[in-house]
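Scroll down for the structure; my scribbles are underneath it.
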Amino acid sequence: MDTRNRHGWLLFVATLFCVLAAQALLIFNPGYLSHDELQWGYYAQQISGGFFSNGLWGDLHAFQYRPLTFSLWIELSRRLFEHPYAFHAILVGWGAINAGLLAVLMRRSGASVAVAWLAALVFALGPYAAHTHGWVATIADLIWVSCALLIASLLKSGVRLAFALPVMFALCAMALLAKESAIVIPALIALGWWFSGREKRWGWAFVATAAPVAIYLALRLNSILFAGGNTGSIYQWSVMNIPARWFEYQVFPMLTGRLGAGDFLAKGLANRAIIVAMAWWLLLAWSLGRAGGRWLAAFLLGGVVALGPVLVLADAANHYGYGFAAVTAAVCALAWKRLAVTGRVIVVLIGAMCVWHGVNIIRSMHDIGVKQAHFSPQLAEAVASNPSPVRLRPENERDRWIYIRLTHDIPAYRGVPIGDRVQLVPQGESADYLIRNDGSLQRTNH
């Protein structure tokens, strides 16, 4: 047992340091991705009270009741918003810890050290995790997946149930206070119970985690279903969305040139890149099916359960697939011994595509961060020195979406009120400033 524990720690540490090194570009990102971080950077200075006295914990009927996530976000923003390297280091470090937990969990579940390590790296460096680790707005996903991994680790550690079950209850409750997606935790445990041969330990874990979920849904179900579904909102839900969302999450990792998991179906299934991605997914499913029907079932059912409620939403998002990516990596790692040579080659090639996709996302996120680090301070200066709305035009039209997000509903930046005092004008119209390729502003002659 001592030797196994020592090897587990070494595997954890090796995974941790590999992820930190591979995602250094996310850590050393001088800026932020979107309006969320800029808004919370402002709100963190306006909201009074400490971690538990900020007014976020009492409103059980808020659509997004995430007091743990938002309280942590406020505290981090208060201290680190002006220090993005430190802010990003915390999130990437957290993601690296999750990858280490997954590696140890796979090892305890029967995967070899090398396979567990590589599968954890594919998870952490793939597109879903790369985006989650690099965007400050995804703290909720880091929390609930951490809690799920810790619960599974307790199950596989051999800790006595008298101690483990109350901890599992608390971890699941903590996950629910972070994000609604945590309601899938007992369902994932139920799948583990089934595929483990219906071990009693998994059954008791289901009871321990189902209890907080039942309490949570009794208090919150009406708010979740009906408080956020305004027309045009990503949270507008329908069961009719499930097939499209499921398809997008399945094939997105193989669409290595795409930054986001949503909206690519608008191009139609005839798009060559989508057809190729579908072919790779079918090859993966075929390989797991040849290894045994239970592995294909675990891949399909585990993926659906991990995604759970996000499948009914109006759009897909990378961080929503974070838990799904962990489950998929685990299934492939545990099935590895039973895969034929052809199947192993397919899994390795898909893993390489996932990592390359993650690299592309990391580079894009760093590039956007560099732009934001130039753009927002100079925008604040321009707004402060101009009484009328400042008219901006991107030098590169392909970057327009970046600046739409970086100017959306920002109350103030470094003490300068922004609000509606900024206008992005169409290409060809006169503007006060040109947004250059690096995000800096250049005064124009209109």
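The values are calculated or read from the model by the stated rules, or taken from the named source; none is laboratory data. Everything numeric in this text was worked out from a predicted model, so none of it was measured. Note that each Cβ is placed from the backbone with ideal geometry, even for glycine, and that neighbours are counted across all protein chains shown. With ligands, DNA and RNA removed, areas are computed over all heavy atoms of the protein, side chains included. Shrake-Rupley method; radii C 1.70, N 1.55, O 1.52, S 1.80 Å.
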Given q = 0.19 Å⁻¹, what are the Debye log10 I(q)/I(0) values for region 365-443, with equal point scatterers placed on the Cα positions and solvent ignored?
-0.73
Cα centroid of region 384-404 to Cα centroid of region 11-36, whole Å:
29
Would you mind checking the tilt of helix 139-157 against the longest principal axis of the Cα atoms of the chain, expressed as 0 to 90 degrees and rounded to 10?
10
Provide the per-residue ³J(HN,Hα) series for region 174-189, in order, calculated from phi with Karplus coefficients 6.51, -1.76, 1.60 and θ = phi - 60°, each as a whole number of Hz, with x at glycine and proline positions.
4, 4, 5, 6, 9, 6, 4, 4, 5, 4, 7, 4, x, 5, 5, 5
Exposure ranking of 338, 421 by accessible area [1.4 Å probe, largest first]
338, 421
Pairing the Cα long axis of helix 35-46 with the longest principal axis of the chain, what angle in degrees results, from 0 to 90 and rounded to the nearest 10?
80
What is the P(r) of region 301-340, as percent of Cα-Cα pairs per 10 Å bin from 0?
29, 44, 20, 7
Accessible area, 1.4 Å probe, largest first: how do 128, 43 sort?
43, 128
The convex hull of the Cα atoms of the chain, divided by residue count, gives a volume in Å³ per residue of 150
Residue order for 392, 80 - accessible surface, 1.4 angstrom probe, largest first
80, 392
Over 24 Å [Cα-Cα, region 301-397], rounded percent:
53
Relative to the first principal axis of the alpha-carbon coordinates of the chain, what is the inclination of helix 242-251, with its axis defined by its Cα atoms, in degrees from 0 to 90 and to the nearest 10?
90
Return the sequence-ordered ³J(HN,Hα) values of region 373-380 in whole Hz as given by the Karplus equation 6.51 cos²θ - 1.76 cosθ + 1.60 applied to θ = phi - 60°, using x for Gly and Pro.
4, 7, 6, 4, x, 6, 5, 4
Who wins for biggest fluctuation among 54, 318, 29 in a Gaussian network model of the chain, springs between alpha carbons below 10 Å?
54
Please calculate the 1.4 Å probe accessible area of residue 57, with all protein chains present, and give it to the nearest 10 Å².
60
How large is the accessible surface of residue 395 in square angstrom, using a 1.4 angstrom probe and rounding to the nearest 10?
90
Which value, in Å² rounded to 10, gives the accessible area of residue 193 with a 1.4 Å probe and all protein chains present?
90
Taking H placed 1.01 Å from N in the peptide plane, check which residues at least 5 places from residue 424 or on another chain put their amide H under 5 Å from its amide H.
392
With +1 on each Lys and Arg Cβ and -1 on each Asp and Glu Cβ, and nothing else charged, work out how big the dipole of region 144-201 is about its Cα centre, in Debye to the nearest 20.
220
Would you look at the GNM of the chain, springs on alpha carbons closer than 10 Å, and say which of 406, 165, 217 moves the most?
217
Please identify, among 84, 127, 389, the residue showing maximal mean-square fluctuation in a Gaussian network model of the chain using a 10 angstrom Cα cutoff.
389
Kindly write out, for region 92-107 in residue order, the coupling ³J(HN,Hα) from the Karplus curve 6.51 cos²θ - 1.76 cosθ + 1.60 (θ = phi - 60°), rounded to whole Hz, with x marking Gly and Pro.
5, x, 4, x, 5, 4, 4, 5, x, 4, 5, 4, 5, 4, 5, 4
